[in-house]
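This report concerns only the one structure given below.
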Amino acid sequence: MTTYPIYDGDVPYLTTDQMREVDRAMIEDYHIELIQMMENAGRNLAHLARDRFFDGDVRGRYIVVLAGTGGNGGGALVCARRLHNYGAQVHIATTALPDTFTPIPAHQLDIARRMNIATSLAVDDVARLPSDVALIIDGIIGYSLKGAPRGLAADLIRWANDSPAPILALDAPSGVDTTTGTVFDPAIKATATMTLALPKEGLRAAGVDAQIGELYLADISVPPQLYAGPALNLQVGPIFARNDIVRLR
């Protein structure tokens, strides 16, 4: 297992509204588009999956990627594509039909399907997967969570939690509120979580550690001067000077 040392510098935490402001400013003020941020997120998630759970070699290992219809799912789909390219056997389970995805995640799903990566909608299809699933990627719901997960999203969360395979969550475990830290029923119980840009306030709330597991932070190329602007007024140093991924705890 490849390890990342704990980062000992100062790292501000963001509320959900502050993270929305980061996304807005990235797109409107800096012209760094959502698809670019999504590619950065998915690439780093694939790297962390490969390093943390497979000691640098995913060839032949069975990985299930759970993807919602929004940005969190889009990042997970980028990760799925990269892990497939690295030689893993990847199966994508989505929470809805492709025509209900928002445009950029729909584009990512289309790429994955053109690459002949196995995809399914029914949770029964996921339950019939081989018993040697080596890792589950949680990309069901990110900071857009509004109350307890429902429908197929809830079914996939329960399936993942019942699986003996470790779970790597993107940005926050699905079912955890990123501002308050409220743990809804159901919520992913992750082995590790890779959050993006800056960690979210909810990830340091009392009692939420059991859902998060190890906490990592990944770069999606947010300029430090964006954080320093009047909307956020945060001083953020070169957190990623040595690596695109750092471990927070």
Just want the ordering: Ser144, Ser131, Ser174, Ser163, from fewest to most Cβ atoms lying within 10 Å of their own Cβ. Ser131, Ser144, Ser163, Ser174
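Which shape class applies to the chain: rounded if a/c is under 1.5, otherwise prolate when a/b exceeds b/c and oblate if not, where a ≥ b ≥ c are the square roots of the Cα gyration tensor eigenvalues?
Taking the square roots of the gyration eigenvalues as a ≥ b ≥ c, the chain is rounded.
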Let me spell out the model: positive unit charges on the Cβ of Lys and Arg, negative unit charges on the Cβ of Asp and Glu, origin at the Cα centre of segment 36-152. What dipole size does that give, in debye rounded to 20? 120
So how tilted is helix 16-28 from the main axis of the chain? Cα-based, degrees 0 to 90, rounded to 10. 80
Full extension between Leu34 and Ser131 adds, at 0.36 nm per residue less the Cα distance, a length in nm of 31.4 nm
Neighbour net charge for Leu156 - beta-carbon separation under 12 angstrom, K R +1, D E -1: -3
Order of 63-75, 193-205, 102-114 by packing, highest average Cβ count within 10 Å first? 63-75, 193-205, 102-114
Under a crude label model (7 Å from the Cα following the beta-carbon direction), how far is Ile27 from Ala122 in nanometres? 3.5
Taking amide hydrogens as modeled 1.01 Å from N in the peptide plane, which residues meet the under 5 Å criterion relative to Leu234, leaving out close sequence neighbours? Ala228, Gly229
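Where the only charges are on Cβ atoms (+1 Lys, Arg; -1 Asp, Glu), what is the dipole of segment 19-230 about its Cα centre, to the nearest 20 debye?
Here segment 19-230 has a charge dipole of around 320 debye.
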Relative to the present Cα-Cα distance, how much length would full extension add between Ile111 and Asp209 at 0.36 nm per residue of separation? 31.8 nm
Would you please give the residues with an amide H less than 5 Å from that of Leu248, counting only those at least 5 places away or on a separate chain, with H modeled from the backbone geometry? Tyr7, Leu215, Tyr216, Leu217
In the neighborhood of Val176, defined by Cβ-to-Cβ distances under 14 Å, what is the net charge if each Lys or Arg adds +1 and each Asp or Glu adds -1? -2
If neighbour count is taken as other Cβ atoms inside 10 Å, put Arg50, Arg249 in order from fewest to most. Arg249, Arg50
Cβ-based charge dipole, segment 94-249, positive-most Cα from Ala228, Met194, Val183: Ala228
Per-residue HN-Hα couplings for segment 53-70 [Karplus 6.51, -1.76, 1.60; θ = phi - 60°; Hz; x = Gly/Pro]: 10, 10, 6, x, 9, 9, 4, x, 8, 8, 10, 9, 10, 9, 10, x, 8, x
Glu33, Glu21, Glu28 arranged by Cβ crowding within 10 Å, fewest neighbours leading: Glu28, Glu33, Glu21
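The numbers here are math on the coordinates, done by the rules we state, and not lab data. Predicted model only: the values in this text are computed from it and were never measured. All Cβ positions, glycine included, derive from the backbone under ideal geometry; neighbour counts span all protein chains shown.
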